[in-house]
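The values are calculated or read from the model by the stated rules, or taken from the named source; none is laboratory data. Since the model is a prediction, treat every value here as computed from it, not as a measurement. Positions of Cβ are generated from backbone atoms using ideal geometry, with glycine treated the same way; all protein chains shown enter the neighbour counts.
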């Protein structure tokens, strides 16, 4: 198995970094949290021009028909730069579901970046993200019935950029096989967490090399070095699990669901460790909403429980291992 990126994937990641580094994403995120979605929608269209929205849309609907590994490359960079919006739902999940019910017009619009889409899929995804902004809102019931819906009441998230809504079900789109779609959503969330954790570590290393105490950067202290090294190790151990889960999903391996859960747990634990360490090293300034660090800390806290809690995924791993005995 190849655990490194191909040259094409590295170039794709570099192109995303170039765009997002010059897009003032922190300001876009703060606007999005206030309901001022114009800058975020502009950024959505720019990312669509790089092919992000078309990744999993089939060729027949003007998509790229890319692999889950390509998906993780994109979502790692989206997480690193903290891009707001229903990316998991629009890019990772709904192309799989809408293909099954032959929603060609919606798929073509998703691929081009013309529309945003979101869904609620209880119990793993009880509420729809950014339903008030999305052009298409869906819900999945317990019988795998995909229905169109309308935004209901809004619910609070620890991350102000995640605007969660109840969904009022409407017209039926059809019966779907939800398994692969939900695994893709969980995988994309795991890649986001990995990227966000990497950003927290990078910003903390930069701060530790700039902040001085007693005439020396605090990063020169052995205790701080150990804290940062622990985060680096956790992220580096999680990354192959995310990649392996993507490879297994692509190959439709029988252990793919277990691998996705393992990736989500590892990426969530690593990103959460990165956020805790970032707070410890930054000190009081890390708690302030005005400081950009808070955007990633709150995002990580929300994403750890999104697309299945750590307890749910650990239980699924255990159940899978016991079944194999």
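Mind checking which residues of the stretch 294-318 are more than 10 Å from residue 261 (Cβ to Cβ) and not in a helix (DSSP H, G or I)? Selection gives 306, 307, 309. Taking (1) within 21 Å of the chain's Cα centre (by Cα); (2) outside any helix (DSSP H, G or I) in turn, residue 258 satisfies each apart from (2).
Checked against the criterion of being free of Cβ contacts under 8 Å to residues at least 24 places away in the same chain and either part of a helix (DSSP H, G or I) or in contact with a strand residue (DSSP E or B) (Cβ under 9 Å, 6 or more places away or on another chain) (or both), the candidates 270, 223, 239 yield just one match: 223.
Residue 66 passes every criterion in (1) more than 22 Å from residue 135 (Cβ to Cβ); (2) in contact (Cβ under 8 Å) with a residue 24 or more places away in the chain apart from (2).
Here's the yes/no breakdown for (1) out of contact with any helix residue (DSSP H, G or I) (no Cβ under 9 Å at 6 or more places or on another chain); (2) within 21 Å of residue 26 (Cα to Cα); (3) without any contact (Cβ under 8 Å) to a residue 60 or more places away in the chain:
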position	(1), (2), (3)
125	no, no, no
128	no, no, yes
154	yes, no, yes
157	no, yes, no
160	no, yes, no
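For residue 49, the conditions (1) over 20 Å from residue 71 (Cα atoms); (2) touching a residue at least 24 places away in the same chain (Cβ under 8 Å) are fulfilled apart from (1). Of all the listed residues (281, 265, 231), the sole one being crowded, with 19+ Cβ neighbours inside 10 Å, in a helix (DSSP H, G or I) and within 16 Å of the chain's Cα centre (by Cα) is 265. In the stretch 277-292, is there at least one residue being under 26 Å from residue 4 (Cα atoms) and either in contact with a helix residue (DSSP H, G or I) (Cβ under 9 Å, 6 or more places away or on another chain) or in contact (Cβ under 8 Å) with a residue 40 or more places away in the chain (or both)? No.
Sub-9 Å Cβ pairs linking a first residue in the stretch 104-119 that is in the same structural domain as residue 134 (by TED's automatic domain parsing) and modelled with pLDDT under 95 to a second residue that is surrounded by fewer than 17 Cβ atoms within 10 Å (Cβ to Cβ) and not in a loop (DSSP other than H, G, I, E, B), at least 6 apart or interchain, are 104/60, ordered by first then second residue. Within the stretch 108-121, which residues are surrounded by fewer than 24 Cβ atoms within 10 Å (Cβ to Cβ) and either within 23 Å of residue 32 (Cβ to Cβ) or under 18 Å from the mean Cα position of the chain (by Cα) (or both)? Those that are surrounded by fewer than 24 Cβ atoms within 10 Å (Cβ to Cβ) and either within 23 Å of residue 32 (Cβ to Cβ) or under 18 Å from the mean Cα position of the chain (by Cα) (or both): 109, 112, 113, 114, 115.
Does residue 184 count as more than 16 Å from residue 271 (Cβ to Cβ), at pLDDT 95 or above and out of contact with any strand residue (DSSP E or B) (no Cβ under 6 Å at 6 or more places or on another chain)? Can you show your working first?
Details: more than 16 Å from residue 271 (Cβ to Cβ): yes; at pLDDT 95 or above: yes; out of contact with any strand residue (DSSP E or B) (no Cβ under 6 Å at 6 or more places or on another chain): yes.
Criteria met by residue 184.
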